[in-house]
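Beneath this line is the structure, given in structure tokens, with notes to follow.
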């Protein structure tokens, strides 16, 4: 379950990524591809963990990353695609 601190951190990360995109340095598609690679790595790491506490922390990290990913899709990528088509 996300805490207020986690939600604030998620929002900040999303805003940071939006700011990078607004500056033209990174496209939304690049961000999404990067997120896919990052989360794939998190899942690989999760598979190697044996300690229940470490698995829980990694699961929370995965959830946070997927939350940021969803925000990028909904706030940047999908509106741009709708506008383009």
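Take 65-74, 29-38, 51-60 and order them by the average number of nearby Cβ atoms within 10 Å per residue, most first; the result is 65-74, 29-38, 51-60.
Find how much the distance from residue 83 to residue 30 grows on full extension, using 0.36 nm per residue of separation minus their present alpha carbon separation; answer in nm with one decimal. Here the answer is 17.2 nm. With all projection directions averaged, the alpha carbon convex hull of the range 28-85 covers 3.9 nm².
Rule-based calculations on the coordinates, nothing more; no lab input. This is a predicted model, so every value here is computed, not measured. Ideal geometry is used to build each Cβ from the backbone, glycine not excepted, and the neighbour counts take in all protein chains shown.
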